[in-house]
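As structure tokens, the structure follows; a few thoughts come after it.
The values are calculated or read from the model by the stated rules, or taken from the named source; none is laboratory data. Computed from a predicted model, the values in this text were never measured in an experiment. When we count neighbours, we look across all protein chains shown, and the Cβ atoms used for this are built from the backbone with ideal geometry, even at glycine.
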Amino acid sequence: MKREEIENIYDQGKEAVVELVQGLIAEFTAKIAELTNRIDELEKQLGKDSHNSSKPPSTDNIFKKNKKMTRSMRKRSKKKSGGQEGHEGKTLSMTDKPDKRVRLKVKRCNSCGESLEGSSPKGIDRRQEIEIPKIKPYVTEYQSEIIDCPC
């Protein structure tokens with residue numbers, strides 16, 4: 001409403017001003033109700049993610065998930081992860097009779113690149129790899145005879 005229109009209403013009397021104010025209050029109340037409903041709808045949309053709606057996980061808000069994370073009640077230990085000092089480890093022992101032996105010969109020096117062919121080794125470093133073969137099914141077929149009796 002323009003200033004001139006408001007001044008004209010003042011000239012018409014008290015009742016006109018009250019009527020104008022009541023109309024404005026009704027208009028503002030309706031607008032507030034409309035905006036409140038819109039805010040509620042948008043907040044519902046913000047609360048939806050792939051866990052509570054049919055939205056794909058790629059639309060989830062990564063920052064919101066981190067806020068929801070729960071913390072463990074467990075206290076952090078001062079020990080390092082892994083085997084502790086003095087713990088006796090267990091590992092597979094090497095076999096003296098492997099199924100296959102592969103000799104890897106050294107041909108050149110790793111440092112200078114000089115040829116080492118013809119030199120005799122001063123020792124052997126051994127390591128073994130254990131492979132479990134694929135399971136092959138063993139099929140047994142049973143055949144029973146079918147004979148007609150002459151009677």
Exercise. Lys68: at pLDDT 85 or above and of a type in the set (D, E, K, R), yes or no?
Worked result: no
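Look at Arg103 and say whether it is exposed (fewer than 10 other Cβ atoms within 10 Å of the Cβ) and of a type outside the set (A, V, I, L, M, F, W, C). Spell out the reasoning first.
Values: exposed (fewer than 10 other Cβ atoms within 10 Å of the Cβ): yes; of a type outside the set (A, V, I, L, M, F, W, C): yes.
Yes: the conditions hold for Arg103.
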Seminar exercise, completed: Condition set of a type in the set (A, V, I, L, M) and at pLDDT below 95, scope the stretch 22-38, selection nearest to Ile9 (Cα to Cα): answer is Leu24
For this session: Please give the number of the condition Arg127 fails out of (1) within 30 Å of Thr91 (Cβ to Cβ); (2) over 48 Å from the mean Cα position of the chain (by Cα); (3) modelled with pLDDT of 90 or more.
Result: (2)
Exercise. Scanning for something surrounded by 10 or more Cβ atoms within 10 Å (Cβ to Cβ), outside any loop (DSSP other than H, G, I, E, B) and not polar (S, T, N, Q), does the stretch 121-142 turn up at least one residue?
Worked result: no
